[in-house]
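What follows is a single structure, written as structure tokens, with notes after it.
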Amino acid sequence: MKILTTLSLFFLAAMATGLIYKSIPILKTYPLWNLLSGVEWSPFRGEFGFKSFILSSIYVTGLSIAIAVPIALLTALYLTERSRPFMKKIVFPILDILAGIPSVVYGLWGTLIIVPWIADKFGPRFVEYTSGYTLLAGGIVLSVMIIPLLVSLFIELFSTVPQELRDASTSLGATRWQTMRYIILRKTAPGIIAAIILAVSKAFGETLAVLMVCGNMVGIPKSLFDSAYPLPALIANNYGEMLSLPIYESALMFAALILFVIILVFNAMSRIILHRVEKRFKL
């Protein structure tokens, strides 16, 4: 078991080493700060700016989490605390089906339904024109993709809260909502944060669905109705062209390295926050 555990850490180190090795040519050619802060992207003219791709990834992921977490949290609370057994028999299989649908299907759904809705119905209420292939479309599609995961994780968490705690809260005169708020959510707060971390990691690395609905235009999105170009879409779109220019391959490997480092740093920071939350909310 110790050997296998060490082996899993070796895979992570090997992945990081490979990405760093492949990124060395572009790091030797351009200063790191220029790569991270530049916004121009024209590989055949030697311009490699990753700022717009990094911000697009952060914006799309943040928007999807902002949409998905409240919906998933309230859904899970309803299913565990208020719903009847027949409702669970209907909802649970639906969640399993949604979780198993390939991302390309979500992308097609977003292209056929969400994009036209934003372009024709929702967008004109706020801006003069939008193509529909926007940051908002990517956030909505990603949120729908991660809701089944979050609901399943939240239900598992809420089911671990002892019934005695619920009964004690009720005996003191607390309402159902007060019990859910002060007992269930408080008891499971560390687990909720861990579930959100897992959802963020999944959303941040999602490629195909985002590629199909975000527009993939280089530039920093100024609003929800602007196109976005996340890092995974950049790699997927351009990987086939890199053979004609060696530095191009290094640039795409550097994009993968940025994605790797962001997720690694985010998980490390979240673990620190999770440790502090566990101390604060421990009953």
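Where a number appears in this text, it was derived from the coordinates with a stated rule and is not lab data. None of these values were measured; they are calculated from a predicted model. Ideal geometry is used to build each Cβ from the backbone, glycine not excepted, and the neighbour counts take in all protein chains shown.
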Candidates I184, I258, I273: whichever shows maximal mean-square fluctuation once the chain is modelled as a Gaussian network with Cα springs under 10 Å: I273
Relative contact order (%) - criterion: Cα under 8 Å, at least six apart; region: the stretch 49-281: 30
Mean Kyte hydropathy of 0.0 or more with a Cα span along the axis of at least 15 Å, helices from DSSP in the chain: 2-29, 51-81, 85-100, 135-159, 189-205, 246-281
FRET E, pair F44, Y21, Förster distance 22 Å, beta-carbon r, rounded to 0.05: 0.35
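Can you tell me which of 113-119, 130-136, 35-41, 11-17 comes out highest on packing, and rank the rest after it, using the mean Cβ neighbours within 10 Å? Can you show the working numbers first?
Details: 113-119: 18.6, 130-136: 23.1, 35-41: 15.1, 11-17: 10.9.
The peptides rank, most packed first, as 130-136, 113-119, 35-41, 11-17.
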Between the stretch 81-104 and the stretch 63-80, the Cα center-to-center distance that results, in Å: 13
By average C-beta atoms within 10 angstrom, highest first, the peptides 201-207, 22-28: 201-207, 22-28
Separation between Cα centres of the stretch 117-178 and the stretch 192-215, rounded to whole Å: 15
Segments 208-216, 59-67 sorted - mean Cβ within 10 Å per residue, highest first: 208-216, 59-67
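Per residue, what volume in Å³ does the convex hull of the Cα atoms of the chain enclose? Could you put the intermediate results ahead of the total?
Working: hull volume 50.3 nm³, N = 283.
Looking at the chain, the number lands at 178 Å³ per residue.
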